[in-house]
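Engineer: Below you'll find the structure I mean.
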Amino acid sequence: MIDINSLIKKFDFVRLAGTDGEVRARTIILSCLDEMGIDTSLEPFDFTGSDNGRAVIAFKERTFNGYPFGLNESVQFTGELVFVENPEALKAAEGTYADKIILSYGSIPHLQKTLIANQAKGFISVGPPYTKAAAMTISQNEFTKGYVPCLTLDHDNGLEMIAMEGEIATITMTQEVKKRTGYNIIAHMKGTGPDKLLTYLVAHYDSVARSKGANDNAGGVISLLKIAEHFKKNPPQRDLKIIFFSGEEYGMLGSSSYVEHHTEEIKDRARLVINIDGAGDALGLNKYFVIGTAAMLGYIDGISREKGLVFQKNLDIFSSDCMAFAKTGIPSINIEKCLGKGSFYYHTPDDNASNNSEQGLKTPIKSGIILLTRILNSEIFPIDKKIDPDLKKKITEWYSKTTGSYLQS
């Protein structure tokens, strides 16, 4: 039987896609599924990845430590520091910051396009207060076409660095970037009935750089394993594929690869995705993000309430592996337990096992079992393969934005 507290501790390590951390996580997941007697397969995909890098920003009388964006290769450069309070201002002043190193708070969509238009030397993104600097990445597309070097910085260091505006800084970044292979793990649970319609239950098992990813997304992985355990003992009538994706934190690479290589399955059989991304806060808020229709949202809300579960419900997109399927017209239910201590440290080194708990996983697990039991055993598949036009527009806009640098999700 899956012991939740034991797994929370076992997954307490950095799991960058394509690294030894991914191999270690994959071994744990496969061992659990094998003990349950569930058939599995692995599907590889190739991509460009990086390790945990480091950066040093050196002024004449002071140095600061920072962290390169993912995929930012080792480099050294020098330039004058300028402080831009809102990075959106960069769009309105193209050319103003030529050969400058820009210090600003946060990031914006299409950051690289804007930095290149400004001919900037580099960009320093200051993170929010009370947390360590979050992991950010350059997109695969930007890495191929060319990019301006970027790094992240803790908030308190950013406050101090504002006073350095106008001074010359030398930034040295050290980070290995190379071709890697990630693996999706597919657990096959065949239905007992004749209906061949297919439902996916998914979560990503990779983490961002420097983060052990307890909430994002070891909680989702553990939830899937517990749900798999339930359906192994209680076989559903319809087929269920439980997929543990890698490469989500680099831009949904694993799920995009799966969709690309299973076009006929998705076209002919797929009807629904249930995705769990972000779970483990003992004290937090349960949320549904439904990419589908208002009727679908009402249906799942009613099922949940029958079993005593009340969720904050949203008919909206959700920046996770569901998007690769949504792009093909497959609706999804995205389950999240958030706004507690663990999710406060989202994408930082403090997203670790100390902030994850069995209490915080009870509702995502229960919800997944309740929804899938109802859907997989209904006489007629109860959810239409439809996504509202307004959401389709949002999906298109989301893909447009995420071709640039973005906070890993």
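Readers should treat all values here as calculations from the given coordinates under stated rules, not as data from a laboratory. This one's a predicted model, so the numbers in the text were calculated from it and none came from an experiment. Every residue, glycine as well, gets a Cβ built from its backbone with ideal geometry; the counts of neighbours run over all protein chains shown.
Engineer: Need one number: nm distance between label points at His155 and Leu42, each 7 Å from Cα along Cα→Cβ, rounded to one decimal.
Structural biologist: Once both label points are built, they end up 4.1 nm from each other.
Engineer: Which of Asp39, Asp281 comes first, and how do the rest follow, when ranked by fewest Cβ neighbours within 10 Å? Each step should come with its number before you reach the end.
Structural biologist: Working: Asp39 11, Asp281 25.
Placing the least packed residue first, the sequence is Asp39, Asp281.
Engineer: Please find the FRET efficiency linking Lys232 to Glu306, where r is the Cβ-Cβ separation and R0 is fixed at 41 Å, and quote it to the nearest 0.05.
Structural biologist: 0.95
Engineer: From Cα pairs below 8 angstrom and at least 6 apart in sequence, can you work out the relative contact order of the chain, rounded to a whole percent? Intermediate results must be reported in sequence, preceding the final value.
Structural biologist: On the way: 987 pairs, mean separation 87.1, N = 409.
RCO, the chain: 21 percent.
Engineer: Between rounded, prolate and oblate, where does the stretch 74-118 land on the alpha carbon gyration tensor, with a ≥ b ≥ c its root eigenvalues, rounded for a/c under 1.5, else prolate if a/b exceeds b/c?
Structural biologist: Because its axes are fairly even, with a/c under 1.5, the stretch 74-118 counts as rounded.
Engineer: For the pair Asn5 and Ser378, how long in nm is the line joining their label points, each one 7 Å along Cα→Cβ?
Structural biologist: Label-label distance for Asn5 and Ser378, simple model: 3.8 nm.
Engineer: Mean Kyte-Doolittle hydropathy of 1.6 or higher plus an axial Cα length of 24 Å or more: which whole DSSP H helices in the chain meet both? Could the numbers behind the result be given before it?
Structural biologist: Numbers: long enough: 20-36 (25 Å, 0.12); 358-376 (26 Å, 0.49).
Result, helices passing both filters: zero.
Engineer: What nm value, rounded to one decimal, do you get for the distance between Glu260 and Lys60 when each label is placed 7 Å out toward the C-beta?
Structural biologist: 5.1
Engineer: By its C-alpha gyration tensor, with a ≥ b ≥ c as the square roots of the eigenvalues, how is the stretch 101-188 shaped: rounded for a/c under 1.5, else prolate for a/b larger than b/c, else oblate?
Structural biologist: The shape class here is prolate.
Engineer: Between rounded, prolate and oblate, where does the stretch 42-108 land on the alpha carbon gyration tensor, with a ≥ b ≥ c its root eigenvalues, rounded for a/c under 1.5, else prolate if a/b exceeds b/c? Numbers along the way, then the final one.
Structural biologist: Numbers: a/c = 2.53, a/b = 1.47, b/c = 1.72.
It comes out oblate by the Cα gyration axes.
Engineer: Let me ask another. Highest mean first, how do 220-232, 200-212, 343-355 rank when packing is the count of other Cβ atoms within 10 Å averaged over residues? Before the final figure, lay out each step's value.
Structural biologist: Working: 220-232: 23.8, 200-212: 27.2, 343-355: 21.3.
Those peptides, ordered most packed to least, come out 200-212, 220-232, 343-355.
Engineer: So for the stretch 54-175, averaging the separation of alpha carbon pairs under 8 Å that are six or more residues apart and normalising by length, what relative contact order in percent results?
Structural biologist: Values: 267 pairs, mean separation 49.6, N = 122.
Result for the stretch 54-175 is 41 percent.
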